[in-house]
1. How do the peptides 120-128, 169-177 rank, highest first, by the average count of neighbouring beta carbon atoms within 10 Å per residue?
2. Is the C-alpha gyration tensor of the range 108-188 telling us rounded, prolate or oblate? Criteria: a/c under 1.5 is rounded; beyond that, a/b larger than b/c is prolate, otherwise oblate.
3. When the C-alpha atoms of the range 65-116 are aligned to their principal axes, what extent does each axis show, in angstrom, from largest down?
4. Please check which bits of the range 145-188 a label hung off H54 would reach, taking the label as a point 7 Å along Cα-to-C-beta and the cut-off as backbone N under 11 Å.
5. Determine the calculated [θ] at 222 nm for the chain from helices alone, applying -39500 (n - 2.57) to every DSSP H run no shorter than 4 residues and normalising by the residue count; nearest 500 deg cm²/dmol.
6. If you roll a 1.4 Å probe over the heavy atoms of the protein chains, what accessible area per residue do you get for the chain, in Å²?
7. Could you state the number of Å between the C-alpha centres of the range 152-174 and the range 20-80?
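The values are calculated or read from the model by the stated rules, or taken from the named source; none is laboratory data. None of the values given here were measured: they were computed from a predicted structure. All Cβ positions, even for glycine, are placed from backbone atoms using ideal geometry, and neighbour counts span all protein chains on display. Just so you know, the surface numbers come from the protein's heavy atoms only, side chains and all, with ligands and any DNA or RNA stripped out. Shrake-Rupley method; radii C 1.70, N 1.55, O 1.52, S 1.80 Å.
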Amino acid sequence: MTTPSAPQVPKSRYSMGSTKNLVLSLLAVLGMVLVLVLLVPRVDSVGGPPVDVHAKALEVAKSSGWPIVEPVGLPDGWTPTSVRYVPVTDGFRTWHVGYRTPSGTFVAVEQTKDPSRAWVAAQTNRAPREGTVDIAGRTWDKYVRDNKVQNSLLSVPPSGSGELATLVTGTATFEDMTTYVEHLQPVR
C-alpha cells in the first residue's frame, strides 16, 4: 500500500524573482528618491521678519521714560535679530536689542534699573567675573563662561544716578562686543 503524498503547494511568485530584478527595482526606487530630492526646494537659512530696532526703541523710551540705548551706525554685516521690552528675572523690566555679527555670532544689549544679583547672574549665565575693561568712556565688568560660550560686559552705575545698568552679552568675541558698545547711543 502506498501512502498518498501531500499535495504540492505552488511556489510564491515573490520567490521566483531574480537578483537582477531586485537590483533593477532598487535602482528604480533610488531614482525616484533622487528626483524628489532634486525637486524639493531647500532653505539655506531661516530668518524671522525684519526687526525695526529704532521704531521699537522710540516706543519703549517714550512709554518707560528710561534713557535706553540702541546701536547706531554699525559696520556692514551686522543684522538685527531681536528687540523687546519685557520682565525677566525677578520681574525686572528689561530692554533688549540683539544682533548677529558679521562672523555669525550673537551679541545683545540688556538694560534695566537697579538690577538684583539674581538678574545679573541670570543674564550672564552665572559666569565668573574676570576683571574690568574700559570701553567708550565707561568701565565694564568682564564675565566669561567657558563651558557654554558666553561673554558679557556689565556696567552698573551708582544707585540713584538715574542711569540704567547696561549688559552686553552673547556668543560674540570681546572684539565684536567692543565694536557694539562703541556704537551704542541714547535713543532720540
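1. Put in order of decreasing packing, that is 169-177, 120-128.
2. Because a/c hits 1.5 or more and a/b fails to exceed b/c, the range 108-188 counts as oblate.
3. That gives 35, 20, 15 Å along the principal axes, largest extent first.
4. 188
5. That comes out to -8000 deg cm²/dmol.
6. 66 Å²
7. 30 Å
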